[in-house]
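Some notes on the structure that comes next.
Coordinate-derived values only; no laboratory data. Small disclaimer: the values here were computed from a predicted structure and weren't measured. Here the Cβ is made from the backbone with ideal geometry for all residues, glycine too, and neighbour counts use every protein chain on show.
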Amino acid sequence: MLAIRPRHRKAVALATAVALAGLAAPSLTATPAKATSATATTTAATTTASDYDSTYYRDAIGKTGDSLKSSLHTIISDQTKLSYSAVWNALKVTDQDPADSGNVILLYSGISRSKSLNGGDTGDWNREHVWAKSHGDFGTSTGPGTDIHHLRPEDVRVNGVRGNKDFDNGGSGFTDSGGSLTDSDSFEPRDAVKGDVARMIFYMAVRYEGGDGWADLEVNGSVDNGSSPYIGKLAVLKEWNDEDPPDAFEQRRNQVIYDDYQHNRNPFVDHPEWVEAIW
Ligand SMILES: [Ca+2]
Ligand SMILES: [Ca+2]
Ligand SMILES: [Ca+2]
């Protein structure tokens, strides 16, 4: 079951090389799901996504639409929660540069920067909330504001450029943008992380359904959501999920969070097709 056929070894090697280079992996679009699953096993655990179908995802398999969303909500809500201060050290592990264990990769800029430069000064990296924390006003107390499935290292200034903007195509580059773009009302991540961003947003929409005193986070078609518990644009995020399928870095990240931190998974990293099944 876990044996990798020769044709897939090439795909794994490619995926790993691409991940090490920190580049986009358009060629992975055509990679069989089995091969990308095997990629995760080379960097993290000995299980594959398909193994989780009969265990972790057992109650969700075969469902679609609201029924699938509801089932996944129940499954992924069983988790360990981190304090905001614990997030620093977690990100040093989840977002470690595959080519330099002393560094993390910054999400939007793609820069590899020393783990020790975490902080709030110019040149530091800090904790970017991909689901902007003002959208639902959940802040940084333990809960959605400390859920590392959507927390990523980012340059302090670049984090400020993104601010609490919704996601959409278009705009201009900026210092250290790494190919990411922005305009007055939206932010477009660089190509290599477009799908990562989309799957983090979809995770948040399923994980947070109005329980435990937190807002019901949802995806909509707007770019002017302000402090409402919404993030747009749905159609663009769905496109990004298709254009940039999960690679070795993203799969390893999901596995590390599951194994060592929160003990829950982002279902859309394991099954990106579930985005279309729900939305
Ligand atoms: Ca815009
Ligand atoms: Ca990606
Ligand atoms: Ca929700």
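I want to confirm something. Restricting to segment 149-170 and keeping residues that are closer than 15 Å to residue 224 by Cβ and of a type in the set (Gly, Ala, Ser), which single residue is farthest from ligand 2 (Cβ to nearest atom)? If we take residues in segment 149-170 being closer than 15 Å to residue 224 by Cβ and of a type in the set (Gly, Ala, Ser), then 163 is farthest from ligand 2 (Cβ to nearest atom). The residue of segment 207-234 that is surrounded by the most Cβ atoms within 10 Å (Cβ to Cβ), among those that are within 16 Å of ligand 1 (Cβ to nearest atom) and in contact (Cβ under 8 Å) with a residue 60 or more places away in the chain, is 231.
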